[in-house]
1. Starting from residues that are away from chain B (no Cβ under 14 Å) and either part of a strand (DSSP E or B) or free of Cβ contacts under 8 Å to residues at least 60 places away in the same chain (or both), keep the ones in region A:151-170 and report whichever is surrounded by the fewest Cβ atoms within 10 Å (Cβ to Cβ).
2. Among the candidates A:136, A:127, single out the residue that is in a loop (DSSP other than H, G, I, E, B) and touching a Gly at 6+ places or on another chain (Cβ under 9 Å).
3. Being among the hydrophobic types (A, V, I, L, M, F, W, C), assigned by TED's automatic domain parsing to the domain that holds residue A:255, crowded, with 19+ Cβ neighbours inside 10 Å and farther than 26 Å from residue A:88 by Cα is the requirement here; does residue A:204 meet it?
4. Is it true that residue A:195 is of a type in the set (Ser, Thr, Tyr), within 30 Å of residue B:177 (Cβ to Cβ) and either in a helix (DSSP H, G or I) or touching a helix residue (DSSP H, G or I) at 6+ places or on another chain (Cβ under 8 Å) (or both)?
5. Considering B:68, B:101, which residue is within 16 Å of the chain's Cα centre (by Cα) and over 13 Å from residue B:135 (Cβ atoms)?
6. Which one of these is of a type in the set (D, E, K, R) and over 25 Å from residue A:317 (Cα atoms): A:192, A:130?
7. How many residues does region B:176-192 contain that are more than 14 Å from chain A (Cβ to nearest Cβ) and either under 18 Å from residue B:146 (Cβ atoms) or in a strand (DSSP E or B) (or both)?
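The values are calculated or read from the model by the stated rules, or taken from the named source; none is laboratory data. Just so it is clear, the structure is predicted and the values come from calculations on it, not from any experiment. Every residue, glycine as well, gets a Cβ built from its backbone with ideal geometry; the counts of neighbours run over all protein chains shown.
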There are 2 protein chains.
Amino acid sequence: MYMKELVLKALRDESHVSGEDLGRRLKISRTAVWKHINELRRQGYKIASSPKLGYSYIESTSLLLPEEITPGLQTQTIGKYLLHRDEVTSTQDIAEKLAREGAKEGTVVIAETQIRGRGRKGRNWISPPEGGVYLSIILRPSLMPSRIVQIPLIAGIAANKAIRRTTPLQPSLKWPNDIIINGKKAGGILTEMNSEVDGVNYIILGIGLNVNTPVSLLAGLTDGIATSLAYECGEHVSRVKLVQILFSEFEVLYTKFVISGFASLRDEWKKLNNTTGSRVRISDGDVIEGEALDIDEDGFLLVRMENGDVRRIIGGDVTLLDN
Amino acid sequence: MYMKELVLKALRDESHVSGEDLGRRLKISRTAVWKHINELRRQGYKIASSPKLGYSYIESTSLLLPEEITPGLQTQTIGKYLLHRDEVTSTQDIAEKLAREGAKEGTVVIAETQIRGRGRKGRNWISPPEGGVYLSIILRPSLMPSRIVQIPLIAGIAANKAIRRTTPLQPSLKWPNDIIINGKKAGGILTEMNSEVDGVNYIILGIGLNVNTPVSLLAGLTDGIATSLAYECGEHVSRVKLVQILFSEFEVLYTKFVISGFASLRDEWKKLNNTTGSRVRISDGDVIEGEALDIDEDGFLLVRMENGDVRRIIGGDVTLLDN
């Protein structure tokens, strides 16, 4: 642990502690203690100080700091190394750079806000400060590049389950990569890959969730009406808890995927999705309409066209026509 | 054109030219002319100077400078923007960075030597200075990630044809990515891709050719015996001409591929390859042996095993067992 974390731990463990006493125990000066306290306050921790009692811990930060996430995290790899930034261009960019420099599987970049948050195909992902979860996970599976299709489906299951465990909400998954609550979009998944012909070098899995984001700030979203978890369930949602559970759920599913393949997860995805069984319009350059029958063992969507032909779709913008 | 290129052009066009005269025509000082001459000399151009006649052009540089390659280049996109470096970690790294920053399709990075030249699967690619061709081409095809398999095959045809047009040699192609002369490896291809689930963002196509490289410097190569074009044909090979023709050949094939798909190029690859029809051992974690029957319409190698089953292979280290 770094010194700042030791200061924070002491504050949390004890009802109050004097700067002098704490400095002595940590072998640093009173001024150094004071500097760490101020840095913690800047990060959003509420810490009182009185001449008699010294410092006392009032309230945790609202930021997604490693100091908050790590202590309750029950994973082996996902999020064990966690880089937090107040503001980034895009967590995908930072994670990409780390991956190129050799960062390990499970490394996560998380940010309070993104200036150029990305969705699929270079689209904008609106990322207002402090209400959302914007994170990118570095993965290094031993996979053929063609299997990347399955990654956003697995991440979708994990996000869906994490939301169910953290809120009273019952989200569904819209193929290939949206998290839907009451017909509105609450989150999305972006999967970017660096590969050779016969193997993945690394995948940068981006997950964006509108958690406590004021819905008015999401108005600019172009594809479908946006919502946030807090708006839908009417109460503030702990982002820290949500992220911890998301990492756990994802680690379990991803491990299963790497060991046993996608087949073992296909049914789980199907139970949570709103796409199969619906009439859909899919646009990806061309526009097609038909009935979404199923996803196949590779994760492709099977769509029966008007003329009875079944097409196998790898991606695109899906509109549900029944709702 | 930059000033240095204008100085070079004047030297090439005229038998001799005085610094004063040239400075006047280019509206720069004599000292500035002298500086450009010295820079050209540093790059390997031989330029004589005499008090009476001024400067005169003796011999071209041996470096793969844009000034040398561009004038004779007959392409629309490939190599039109050409970045030359004396020494790089790897041309793949530089091209990757340019691609991420938005560099156009056809942009090429070329280097005289690489400190950490890469082969497949992060292996070392020995890159001694000035004898080899080490280059990376940025491609932005509108393709599904699974079709990346076909890119090194197309690049192989282009390299093979360029060598045939520049030397008396008759190379063959070993699936998936080697250029073979008299049973020895003279070049290789490395294909790296950045993609989303349903589309390629960019491909960095790396081509390494041992052209005039002394064979003694290639002794460290691990997979198979290495050779160079000059060693095999017994004469010095013009790297500039080879690169110009390689870009032309590749542009023709790649355009055909993007418009008509791989099927139109499959026969061409098969005519130049030494793998189909041979007994092969393929190692990629597992080791299999069998008869390489053909490549399919996707570019996968079809191998008939001992028990009669035909397996479809995407990549790996191939050893020909007949030779």
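1. That would be A:170.
2. None of the other options fit; the residue is A:127.
3. Details: among the hydrophobic types (A, V, I, L, M, F, W, C): yes; assigned by TED's automatic domain parsing to the domain that holds residue A:255: yes; crowded, with 19+ Cβ neighbours inside 10 Å: yes; farther than 26 Å from residue A:88 by Cα: no.
So residue A:204 does not fit the description; no.
4. When the stated conditions are applied, residue A:195 passes them.
5. Checking each option against the conditions leaves just B:68.
6. Answer to the check: A:130.
7. Number of matching residues: 7.
Table: residues versus (1) over 27 Å from residue B:69 (Cα atoms); (2) more than 14 Å from chain A (Cβ to nearest Cβ); (3) of a type in the set (Phe, Trp, Tyr).
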| residue | (1), (2), (3) |
| --- | --- |
| B:197 | yes, no, no |
| B:209 | no, yes, no |
| B:217 | no, yes, no |
| B:227 | no, yes, no |
| B:247 | no, yes, yes |
| B:250 | no, yes, yes |
| B:258 | no, yes, no |
| B:276 | yes, yes, no |
| B:279 | yes, yes, no |
